[in-house]
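The next block holds one structure in the form of structure tokens; read it before the comments.
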Amino acid sequence: MMNILAFIWCGIIAFGVIMYVILGGFDLGVGIMSIFFKDEKERDLLMSAILPMWDGNQTWLVFGGATLYGAFPAAFSMILPIMYIPILIMVIALLFRGVAFEFRLKAIKTKRLWELCIFLGSVFATLAQGLILGTFVRGFNLSPHVAKIDQWFNPFGIACAIALVFGYVLLGANFLIIKTSGELQEKNYKLASKIQYIILAAFIMVSIWSPFLDPAIRERWFDPNHMLYLAILPFVTLLLLCGHWVALKKKQEYLPFWSVIGMFLMCYLGFIISSYPYIVPRQLTYMEAAADRSSLLFMLVGACVMLPPLLYYTYYSYRIFRGKVTQIEY
Amino acid sequence: MLLDTALLSRIQFGFTISFHILFPAFSIGLVLFIAIMETFWLKTKNSLYLGICKFWTKIFALTFGMGVVSGVVMEFQLGTNWAGFTQAVGGVLGPLFTYEVMTAFFIEAGFLGVMLFGWERVGPRLHYLATLLVVIGTTLSAYWIMSANTWMQHPVGYKQVGSVFKVADWMQIVFNPALFPRFIHMLLASYISAGLVICSVSAYYLLQNRFITFAKTCFSFTWLALFVLIPVQIYFGDVTGVQVHINQPLKTAAMEGIWDTQAGAPLVLFAIPDQKKQMNHWELSIPHGAALFNTHQWNGVLRGLKTVSISDQPHVIPVFFGFRMMVGSGLLMLLLSIIAVYLRWRGRLYNTRWFLISSVLSAPLGFIALWCGWITAEMGRQPWIVYGVLRTANAVSPVSLREVMISFALLFIVYGIIFGYFYFYFLHKTLHKGPSGIQEKEESRQPFQYMPSSFKEHP
């Protein structure tokens, strides 16, 4: 019973995290690429496309943090002090970015400055998330001989961070293909078709690198009993990437975005397969870190009641702002 | 005292939360005001109210955004700097935060977009619904945060297993008997703080002779609302005080500057408490006052600080003066609101220059009271992080002093620049530009139709 509850909560947190990665990912991606658009009108449109969404998207991050705190307090209080600096960088970057969205709307002379803040905030938040992701894939090492900074600052983490920047930009560009038209849309098609090759390279790199990080990962993926089933995952990912390539060629508007979401899902699934059943990889399983049964049950009641309407009105508010973007004012 | 991780983490938390609280408090009050004005607009179709809504929505958007981003810092800071605390009480407080996100944040985030950017995209009724949902979201958010904080002040419904706290009864935690007055006290504090800002801005326009219709409506409505709210707030302050005395007698002792347990303790109006000598200097007091206020009895017994060793006492100075400043600001607001209603009755509210200037200056008054109240509540709880069961010193993370120094320096610079300068810069800019789309020619001698006749301007 206890294990089932903990497992359900693991699932809910995993869901919250992937929601953030996809939704927060595209708005971070748009934030990163915005600086490269030279025309102020274009930048205005870019910002207008994400302005009504970014706050709701970011709430999934807050959701992930709060549920981890509530359902797995032992994991929360183990991970955060270790990741002190990257988390600090992430929250400060998100803070800069959030206020810059507001200030930019009201600024005239300092508009450029706030655009720079949105760019830097988005880049640093993504890099910090990439470093955290890298640590999770690689696993935590609590031995006193390992310096704390090496936990998260290492070649693999840096590679993950850079890959994530491109991943988010690809999501962002594809989101903008849906939201824009004409010349601006054309630019996003071009950008997306360039970045997909970088993403292909990143897939290959991570797939080759991560089995060497930890024998446990290698054993899991190359276990002769499962290998065939698990091979479906990289295969589907490649298929999605091909689909993305074709969709861009054919100037499809929705298909590229959805195929990138598919790729993110596959990678996430791969990550979960590598680290299951750990919630703090190689240190603490989700069963060990779980809160008391009554806490999990109490939260589950709330989640069952609140998550369905919550998902519905997330969808609903996206619907209200659907269609090609026009300049937003208030 | 030597600077260690615990002390620096406390300073960092105090610093970040002091900034953070301003934004949600202002937002909670402001969105209620906007909702009321939108109600008036839907009822009367008078474009004046729509103009009021749209203008204050701009300010709300700016403020709410600040609250969201500084709130993310708070959430993660709990884990980065207070891992001992989250480890021990995560099972109790974590679910409350989860409920806050599930019931409040998503409502706010989902409908805020509609509220801010949806004027053209949805009908007026749907927009109104969005505004109401944001009101509900912000209120619920305050409820969950207050329930977590109240549990730290007055832990109930838990069982301790080793070093970890587990929940015995959720009903007791979510409906903590100490929670109700504290929640209302906080909500009213938000309404009053926001109300004073609205009055201040309106008075500024009146003094400048700009946006007269707009300013008169906001000014008159809000002072009347404050006239009602402030006495209610004082009542709930009293209820909270009595309850603090029951649950945390040492906090009351520090608030009142009472060193020795005594019956019929005096109300110390002014003193310089001396923690080393365990006594007050230059004490000026009213006999039986503190006993009367805290126990509602002439000879009620107040426990003195000396009943515990110095290391178990809260720092008296900040608690003692914080409490006095809160009460002092509250009484000043009460006085102002009485004057406002008197002037309105005499028909001089909009042209009594000294009162308009006082109103402009009173903008920070609510926030000062709010800060001082929180300092009293939180410093008065020390040296405990969860009163009587978990010491603050045992709550810190295994992080180095250097890391906390880096984080605090960064946060200090970033908050200073963003909240200390740019927030006020853009606030001022928006205020200077003023509301748009309100036709001044609509001004009538009776701009405010919802006042009882006695409040209508004299001809």
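The values are calculated or read from the model by the stated rules, or taken from the named source; none is laboratory data. Quantities reported herein were computed from a predicted structural model and do not represent experimental measurements. Every residue, glycine among them, receives a Cβ derived from its backbone with ideal geometry; neighbour counts consider all protein chains shown. Accessible surface areas use protein heavy atoms only, side chains included; no ligands, DNA or RNA. Shrake-Rupley method; radii C 1.70, N 1.55, O 1.52, S 1.80 Å.
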**OP:** May I ask you to list the lysines whose Cα is less than 18 Å away from that of residue A:187, ignoring any residue fewer than eight positions away on the same chain?
**Re:** A:38, A:41, A:179, A:249, A:250, A:251, A:324
Subject >> Virtual paramagnetic centre 7 Å along Cα→Cβ of residue B:297, amide N under 13 Å, in the range B:236-269 >> reply: B:246, B:262-265
Original post:
Can you pull the three principal axis extents for the Cα set of the range B:1-96, in Å, largest first?
Top reply: 61, 30, 18
**OP:** Mind checking the full-extension length gain between residue B:207 and residue B:352? Use 0.36 nm per residue of separation minus the Cα-Cα distance, one decimal, nm.
**Re:** 51.2 nm
**OP:** State the Kirkwood hydrodynamic radius of the protein assembly as shown in Å, one decimal place, computed from all pairs of distinct Cα atoms.
**Re:** 28.2
Original post:
Other chains near A:294-303: what is the mean number of their Cβ atoms within 10 Å of each residue's Cβ?
Top reply: 5
Original post:
Once phi is turned into θ = phi - 60°, what whole-Hz ³J(HN,Hα) does the Karplus curve with 6.51, -1.76 and 1.60 give for every residue of the range B:128-143, x standing for Gly and Pro?
Top reply: 4, 4, 4, 4, 4, 5, 5, 4, 4, x, 5, 5, 4, 4, 4, 4
**OP:** Let me know the longest stretch in chain B that avoids all trypsin sites (Lys or Arg not before Pro) found in a DSSP loop with at most 14 other C-beta atoms within 10 Å.
**Re:** B:46-209
Subject >> Whole-angstrom Cα spans of the range A:83-146 along principal axes, big to small >> reply: 52, 17, 13
**OP:** Compute the longest continuous run of chain B that contains no exposed GluC sites (Glu not before Pro); treat a site as exposed when its DSSP state is not H, G, I, E or B and it has at most 15 other Cβ atoms within 10 Å.
**Re:** B:121-442
Original post:
Separation between the residue B:3 and residue B:260 pseudo-spin-labels, each 7 Å from Cα along Cα→Cβ, expressed in nm?
Top reply: 4.1
**OP:** Take the Cα atoms of the range B:339-382, find their three principal axes, and give me the spread along each one in whole Å, biggest first.
**Re:** 50, 17, 9
Subject >> Dmax and Rg, reported as Rg then Dmax, of the range A:17-58 (C-alpha, Å) >> reply: 10.8, 34
Subject >> Volume of the Cα convex hull of chain B, divided per residue and given in Å³ >> reply: 156
Original post:
How much mean residue ellipticity at 222 nm does chain B get from its helices, if each DSSP H run of length 4 or more adds -39500 (n - 2.57) and you divide by all residues, to the nearest 500 deg cm²/dmol?
Top reply: -22500 deg cm²/dmol
**OP:** Just grab the label-to-label distance for residue A:249 and residue B:345, each label 7 Å out from Cα along the Cβ direction, in nm (one decimal).
**Re:** 8.4
Original post:
Per the Kirkwood treatment, what hydrodynamic radius in Å, one decimal, follows for chain A from the mean inverse distance over all distinct Cα pairs?
Top reply: 20.8
**OP:** Distance between Cα centroids, the range B:150-173 to the range B:20-72: provide it in whole Å.
**Re:** 36
Original post:
log₁₀ I(q)/I(0) of the range A:1-127 at q = 0.14, 0.15, 0.20 Å⁻¹, via Debye over equal Cα point scatterers, no solvent, to two decimals?
Top reply: -0.66, -0.73, -1.09
**OP:** Give the interface area between chains A and B as buried accessible surface, both sides summed, probe 1.4 Å, in Å² to the nearest 100.
**Re:** 6000
Original post:
Between the range B:84-148 and the range A:55-117, how many Å separate their Cα centres?
Top reply: 17
**OP:** Would you calculate the separation in nanometres between label points at residue B:172 and residue A:232, each defined as 7 Å from the Cα along the Cα-to-beta-carbon direction?
**Re:** 5.0
Original post:
Cα-based Rg of the range B:138-188 per 2.2 N^0.38 Å, rounded to two decimals?
Top reply: 1.19
**OP:** Any chance you could check the Cα centroid distance between the range A:272-330 and the range B:409-428 for me, in angstrom?
**Re:** 32
Original post:
Using a ≥ b ≥ c from the Cα gyration tensor of the range B:131-274 (square roots of the eigenvalues), is it rounded, prolate or oblate, where a/c under 1.5 gives rounded and otherwise the larger of a/b and b/c decides, a/b for prolate?
Top reply: oblate
Subject >> Low-density loop cleavage sites - chymotrypsin sites (Phe, Trp or Tyr not before Pro) in the range B:219-297, where at most 13 other Cβ are within 10 Å (DSSP) >> reply: none
**OP:** Take the solvent-accessible surface of the protein heavy atoms, probe 1.4 Å, and return the percent of it on chain B that carbon and sulfur atoms account for.
**Re:** 69
Subject >> Rg/Rg_globular for the range A:238-330, with Rg_globular taken as 2.2 N^0.38 Å and Rg from C-alpha atoms >> reply: 1.60
**OP:** Report, to two decimal places, the Cα Rg of the range B:196-399 normalised by 2.2 N^0.38 Å (N = number of residues).
**Re:** 1.24
**OP:** Quote the Stokes-Einstein diffusion coefficient, in whole µm² s⁻¹, for the range A:220-278, based on the Kirkwood radius over alpha carbon pairs, a temperature of 37 °C and a viscosity of 0.692 mPa s.
**Re:** 263
**OP:** Once you have the Cα-Cα distance between residue B:45 and residue B:160, take 0.36 nm times their residue separation minus that, and quote the gain in nm to one decimal.
**Re:** 35.6 nm
Original post:
Extension gain residue A:193-residue A:311, at 0.36 nm per residue separation less the Cα-Cα distance, in nm?
Top reply: 39.4 nm
